[in-house]
Structures are given as C-alpha cells and as structure tokens.
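Derivation of every value follows stated rules applied to the coordinates shown; laboratory data play no part. Remember, it's a predicted structure, so these values are computed and weren't measured experimentally. As a convention, Cβ positions derive from the backbone with ideal geometry for all residues, glycine included, and neighbour counts pool all protein chains shown.
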Amino acid sequence: MPQQLHWEGVVNARDLAGLRTPDGPIQPGRLIRSANLSRLTERGKAELRSAGVSRIVDVRDPEERQIDPPPFLGEALYLNLPALPHGNWNLNAASAAARSNADYYRAWLKYACNNFAVILQQLVDAPPGAVLLHCHVGKDRTGLAVALALFVAGVPDEDIAADYAETGEHVGKLYAAILNRQADPEKRAELARFLVSDPAEMLAALAFLRELGGLDYLRRRGFGPGMQRALRERLTRPNMTPCPKPS
C-alpha cells in the first residue's frame, strides 16, 4: 500500500505503489503526491531527486506560487498546470455555494475537468520515472487529480478514498497554520469544516464522476482511450521502459 516518504521539509508525501488494479498493483516510483515543496531543505531536494522523480506537476495558481515559490522553478523537472481555471463564472458560483469538500469536487469535475485532463496527460507524457503531483496541502486539487488517475487505472473506489483520507494524518500543522491566519471565530469555524479528509466525500466525487459518464466523460474532456490505456500501462507495467505513444 502507499508508502510515506520522509523528505526533509515537506509533509504528506507518499508513493502510491501497491494500490490494486485489474492490471496488477501500481508500481513503485510511478505516482507520488505531496504538499507544497517550497520548504524543502537542500537535503530534502536531494532526497526527492534520488527517488527518481522525472516530473513535478504543481497544480497551484500563480498567487500561491508567489507566496510559496517552487524550489525547482526553471528546471525541466518542474511544470506548473493550475487545476482550476481563472475567471470561470460557473465554477466560481458553484465553489461559493459549496458546503462540503464533496461540493467542491463535484464543481471541479463539472467545470474544471479540462484542466484536470491536461494534468493527467502529464502522467503519460512525462519522462520515465515518478511523477509528483502537489498543490498547497496536497488534499483537494492534488487529491482529485490523483483520484482521477487511480480511477482510470481501475483502483477500487474504497482504496482511492482511503488514500485520500490518509492526508488528514499528515497535515495537522498545515491546517493549524491556515486556521491561525483567520482571526474571525465564525469564519475560522466555517473554514475548519473543510480542513478534513473524510473518505465519504471522495466517494461522493467518484459517484458524481460516474454520473457524468466516467471514462467517457474524461474522453470528452480530451483524455481519450489511448491516453487512458497509456496511463494504466505507465502506472502498472513492471519495467520502466517508455510507454508507447497513445493512438
């Protein structure tokens, strides 16, 4: 099952190896998730490189990157692909109405899935090695992107949700820092409702994805059968030779 990675200066980093799929388990060193990398020490950077990471996909927006600059900016290793489109009225309205994490994820699936499809394409197109996905805490945008990759690979919903829930075990200090920045007690209490990793909320998101059409919905968002097959092969193939280009 997923292995916690202890890189100095980053939390919530884990290799998703071992999760079961119809094609065999996810192989080690294929898909890694984490929180923000901006506080990696020099030792932590070396640990990340030694783990065979070939591509870092930072799904944060530009403002976040200014506050917490990415340590690998300017290297071929690093790519920024914001998970959420800027200025999408429907997405903004649905997000403003959200009363749970599941509400957010349903809104993102409905109005931001093109962005997530581009992120998934990087799992196929990256050089051989591990692809690391991260946002700020590594729960929501990273959580949905990882869930979509695992869904394509055929990982059972309950295993996807269990991996999502594990984030809550590793980000207590990050959550505390976020809450401490909010001085208004009512707003802090409202914010605390979202700083949880309830597996039921990810299960609700996956159920909604199926309502939208599942794999066919991803196809209609630009991540078609060839890409889906290549992603499954990349995550589960025992050797590390490059996957064939999708047709």
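Other residues whose C-beta falls under 12 angstrom from the C-beta of G214 contribute a net charge of +1, scoring Lys and Arg +1 and Asp and Glu -1. Of the residues G87, G222, G44, the one that moves most in a GNM of the chain with alpha-carbon contacts below 10 Å is G87.
Near L5, once Lys and Arg are set to +1 and Asp and Glu to -1 for all other residues with Cβ below 11 Å from its Cβ, the sum equals -1.
Considering the chain as a Gaussian network with a 10 Å cut-off on Cα pairs, which listed residue, R181, R30, R20, attains the greatest mean-square fluctuation? Taking springs between Cα atoms under 10 Å, the residue moving most is R181. Classify the range 141-184: rounded, prolate or oblate, from the alpha-carbon gyration tensor (a ≥ b ≥ c, eigenvalue square roots; a/c under 1.5 rounded; otherwise prolate if a/b is larger than b/c)? Verdict is prolate for the range 141-184. Averaging Cα coordinates gives a centre for the range 1-46 and one for the range 80-99; these two points are 27 Å apart. Over the chain, dividing the summed -39,500 (n - 2.57) contributions of all DSSP H runs of at least 4 residues by the number of residues returns a 222 nm mean residue ellipticity of -14000 deg cm²/dmol.
This ranking places M1, M202, M227 by how few other beta-carbon atoms lie within 10 Å of each, fewest first, which gives M1, M227, M202. The structure-derived value of Rg and Dmax of the Cα atoms in Å appears in the list (1) 17.1, 54; (2) 17.0, 51; (3) 18.0, 62 under the label (1). Sorting T167, T41 from the fewest to the most surrounding beta carbons within 10 angstrom yields T41, T167.
The residues packed around D198, meaning those with a beta-carbon under 15 Å from its beta-carbon, carry a net charge of -4 if Lys and Arg are +1 and Asp and Glu are -1.
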